[in-house]
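The values are calculated or read from the model by the stated rules, or taken from the named source; none is laboratory data. All values derive from a computational prediction rather than experimental measurement. When we count neighbours, we look across all protein chains shown, and the Cβ atoms used for this are built from the backbone with ideal geometry, even at glycine.
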């Protein structure tokens, strides 16, 4: 079977989010924003296998659209964490590169599927 790029990238991103949330809680003693980030950042990867098991093309698109919404929410939390100085610019840009790639992938898949 061909490697599922969006699935592997969203899973790897979720691992990074888990580690960042742990860092924020253990090192920065920040619990509220880190939980929001954890929830939205890991939900992206959770929605991808759900979409793969969709009952129809519309269900597939809907579930990937939810993943896309979660990705945009994750972007918000990351921006808030950097602006409030819980995350430094270097750390932000590193994880944002992965998020931007997921945003592009999800958007492309959704548009392509709707077009077919």
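Please pick out the residue among 90, 28, 9 that is surrounded by fewer than 12 Cβ atoms within 10 Å (Cβ to Cβ) and modelled with pLDDT of 95 or more. That would be 90, the only listed residue that is surrounded by fewer than 12 Cβ atoms within 10 Å (Cβ to Cβ) and modelled with pLDDT of 95 or more. Scanning the range 83-116 for residues that are in contact (Cβ under 8 Å) with a residue 40 or more places away in the chain and within 17 Å of residue 10 (Cβ to Cβ) gives 95, 98, 99, 101, 102, 105, 106, 109, 110, 113.
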